[in-house]
Amino acid sequence: MKKFLVAIICGVLALSITGCSYSDVFNNKDDKDTNTGVTDNKENINTPSKEEIKGIDVAIGQNIQYDDNYNISFIESSFKQKVEPSNPDSYYHYYEPKDASSNTYLVLKTVIKNLGTEMLDGDKLPKAKLIYDGKYKYDAQLITEEDDGSDLDGYSWYMDIDPLKIKKIWYLVEVPKEVETNTQASLTMQYQINGKTYNVKIR
């Protein structure tokens with residue numbers, strides 16, 4: 001009789017312990033899901049903002065100001081088979097594509113004003129990259145037009161800007177003629193200024 005009672009008590013205790021164990025397992029599983037589930041993971045992901053992914057949109061006619069360093073205004077853009085000054089002198093410089101039969105130039109004209117207290121070195125002017133159809137990239141070349149529009153210069157020391165003075169800076173990109181004729185494809189001049197990306201929409 002005593003052995004029978006001991007067996008019953010041991011069985012009850014075993015079931016009780018087993019029940020607690022399963023309960024603990026399920027409770028722990030629920031807690032784990034709550035603490036490490038999808039919601040928590042999303043909260044911990046540092047998702048880039050829209051600006052970091054796509055950059056800041058800028059239209060022709062607008063401008064970008066880089067702190068107290070300089071202001072760049074976007075005047076106009078056009079395709080040119082031959083890039084010449086607006087008011088050429090009897091002797092002047094001009095630019096033609098290396099392969100004129102299949103290439104052309106995209107020209108983005110800007111005006112940059114030095115807002116600083118010292119000369120702005122031409123080598124430190126913002127560089128740009130043309131992006132065609134969202135994936136094809138072409139580096140832009142900088143040139144400057146004389147104040148009276150008589151000539152063009154491509155050397156950086158001609159682009160030095162004294163404090164509170166302005167300079168006409170043109171961004172030239174040699175591209176296949178397809179870039180001009182395929183008007184359905186997007187065309188953007190992209191600038192990296194002070195750690196930010198600016199997208200100037202050409203079309």
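Here are the numbers for the structure shown:
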{"read-out": "Qualifying residue in the range 95-107 (condition: exposed (fewer than 15 other Cβ atoms within 10 Å of the Cβ), modelled with pLDDT under 95 and either part of a helix (DSSP H, G or I) or not small (Gly, Ala, Ser) (or both))", "value": "yes"}
{"read-out": "Lone unmet requirement of (1) of a type in the set (Phe, Trp, Tyr); (2) over 15 Å from ILE112 (Cβ atoms); (3) in contact with a Lys or Arg (Cβ under 7 Å, 6 or more places away or on another chain) for TYR155", "value": "(3)"}
{"read-out": "Verdict on THR144 being surrounded by fewer than 19 Cβ atoms within 10 Å (Cβ to Cβ) and more than 24 Å from the chain's Cα centre (by Cα)", "value": "no"}
{"read-out": "Tally of residues being within 20 Å of the chain's Cα centre (by Cα) and polar (S, T, N, Q) across the range 151-203", "value": "7"}
{"read-out": "Filter result (among the basic types (Lys, Arg) and over 14 Å from the mean Cα position of the chain (by Cα)) within the range 120-141", "value": "LYS124"}
{"read-out": "Of the criteria (1) over 19 Å from LEU130 (Cα atoms); (2) surrounded by 15 or more Cβ atoms within 10 Å (Cβ to Cβ), which one TRP170 fails", "value": "(1)"}
{"read-out": "Out of LYS129, LYS196, sole residue that is in contact (Cβ under 8 Å) with a residue 40 or more places away in the chain, charged (D, E, K, R) and in contact with a Lys or Arg (Cβ under 6 Å, 6 or more places away or on another chain)", "value": "LYS129"}
{"read-out": "Residue match in the range 48-66 (condition: in a loop (DSSP other than H, G, I, E, B), at pLDDT below 50 and within 27 Å of ILE193 (Cα to Cα))", "value": "yes"}
{"read-out": "Some residue of the range 113-120 being touching a strand residue (DSSP E or B) at 6+ places or on another chain (Cβ under 6 Å) and hydroxyl-bearing (Ser, Thr, Tyr)", "value": "no"}
{"read-out": "Subset of the range 132-177 [closer than 22 Å to ASP99 by Cα, of a type in the set (Lys, Arg) and either touching a residue at least 24 places away in the same chain (Cβ under 8 Å) or in contact with a His (Cβ under 8 Å, 6 or more places away or on another chain) (or both)]", "value": "LYS177"}
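The values are calculated or read from the model by the stated rules, or taken from the named source; none is laboratory data. Because the structure is a prediction, the values reported are computed rather than measured. As a convention, Cβ positions derive from the backbone with ideal geometry for all residues, glycine included, and neighbour counts pool all protein chains shown.
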